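**Student:** What follows is a structure written as structure tokens; I'll ask about it next.
The values are calculated or read from the model by the stated rules, or taken from the named source; none is laboratory data. Here the structure is a predicted model, which means the values were calculated and not measured. In this analysis, Cβ positions are derived from the backbone assuming ideal geometry, glycine residues included, and neighbour counts consider all displayed protein chains.
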Amino acid sequence: MLKLRHHRHTFWTTISEGGSSEKAAASVDVNAETARRWLRHAGGVAPPHLLKAPSGRYLSPVERASIMVADRQGMSIRAIATMLGRAPSTISREMRRNRRHWMPRYHAGQAQLMAEGRAPRPQPSKLATNPQLRRFVEEQLDRRWSPEQISARLPVLFPADESMRVSHETIYRGLYRQAKGSLRLKRAPRLRSGKQMRRPRRQAALNRHVFRGIPDLIPIGQRPLEVATRLIPGHWEGDLIVGPDTRSHIGTLVERTSRYCVLVHLPESKKADAVAAALVRTLNKIPRRLRKSLTWDRGTEMRDHAKVTLQTGTQIYFCDPRSPWQRGSNENTNGLLRQYFPKGTDLSRHSPEDLEFVARELNTRPRKALGWRTPAEVYNELLLTTKQNQRVATMT
């Protein structure tokens, strides 16, 4: 019977392991449309108690079927217990508790339904029972924090209040599952993915860029080793995010140690001279001690990189072709920025003030890579530390 717990466990285990709805449906012998309906109803998130394999502490459907057959054959309770490797009291209690009073004999299917009916149901979510916690989670979701960021930040902000704790999985369930305490209708679109169902992570397809020559470029292989360690501040990664038909652009700069983000206003175009002028204005606002190098993709907008280096003192290095992971911090930040600048929207309508607001939002989000500190906190510490070190060096 489809409603038996072990069948539901099989279905949701297949989904959680990355299987398609068709594969999960086949595993429990139902049609694909039924499986998709179950997924939509649950928001794509498996009920936690159904991901756990049935415990050996309880009788399985197969054991109940064996009890039914043996009982009809006239076997005693002790004989049945010996056959199944169970205590006689377990068999006696099973036949007494899980038999309808109007049924003359024990029936395995009915017994399974009665046992499942008494099984403990999932407990109410903490988000449904703790209004203060729920309010905090909703406020941070409105600020576009991820569930993991919210969960990790709670102990930092409420160190003495154990009631202000919730796992990121609980937040996801509150967003995607249609149940009491659900956050779904109002706040699911706030998530970075914007999806209405949670799906297992798939391997992303490689981003294939066409290589274009840039005069006198310095490849990333010649970049100092200190940049890769992230221990020395002042090394940046950069790129452009692009609007529809590549007609509008925003420049993005990310400091590798702190993940601090600076956005570059490009109201005209991505022509090399316009990008170079905008980068010079932006980089010169950063203290010289914190603008040592910049790693960029091999886009034609950086043909005038030598001019940027000459006017800012910032050495520019270029990634290998088709290797966006070599600017991992910048790629991640560009993904975050799509929450504010969705693909397909005209980027030229955003003013410098708009860009400053978005950068401030990103820089005040806690990051897992920073021990749940914010990029702004780490960047300000770097500013203070490098200034003190510079003063000491001047005195000596």
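**Student:** Could you say whether any residue in region 260-272 is more than 20 Å from N380 (Cα to Cα), in contact with a Pro (Cβ under 7 Å, 6 or more places away or on another chain), in a strand (DSSP E or B) and of a type outside the set (G, A, S)?
**Tutor:** yes
**Student:** I'm checking my understanding of the structure. Among residues of region 341-368 that are small (G, A, S) and surrounded by fewer than 13 Cβ atoms within 10 Å (Cβ to Cβ), which one is farthest from the chain's Cα centre (by Cα)?
**Tutor:** S351
**Student:** Could you check, for region 238-255, whether at least one of its residues is modelled with pLDDT under 95, hydroxyl-bearing (S, T, Y) and either in a loop (DSSP other than H, G, I, E, B) or buried (at least 16 other Cβ atoms within 10 Å of the Cβ) (or both)?
**Tutor:** Checked region 238-255: at least one residue is modelled with pLDDT under 95, hydroxyl-bearing (S, T, Y) and either in a loop (DSSP other than H, G, I, E, B) or buried (at least 16 other Cβ atoms within 10 Å of the Cβ) (or both).
**Student:** Conditions first: (1) buried (at least 20 other Cβ atoms within 10 Å of the Cβ); (2) at pLDDT 85 or above. R153 passes all but one, so which condition is the exception?
**Tutor:** Unmet for R153, out of (1) buried (at least 20 other Cβ atoms within 10 Å of the Cβ); (2) at pLDDT 85 or above: (1).
**Student:** In addition: Across region 281-297, what is the number of residues that are buried (at least 20 other Cβ atoms within 10 Å of the Cβ) and outside any helix (DSSP H, G or I)?
**Tutor:** 6
**Student:** May I ask you to list the residues in region 64-102 that are modelled with pLDDT under 85 and farther than 18 Å from G117 by Cα?
**Tutor:** The answer is W102, and nothing else.
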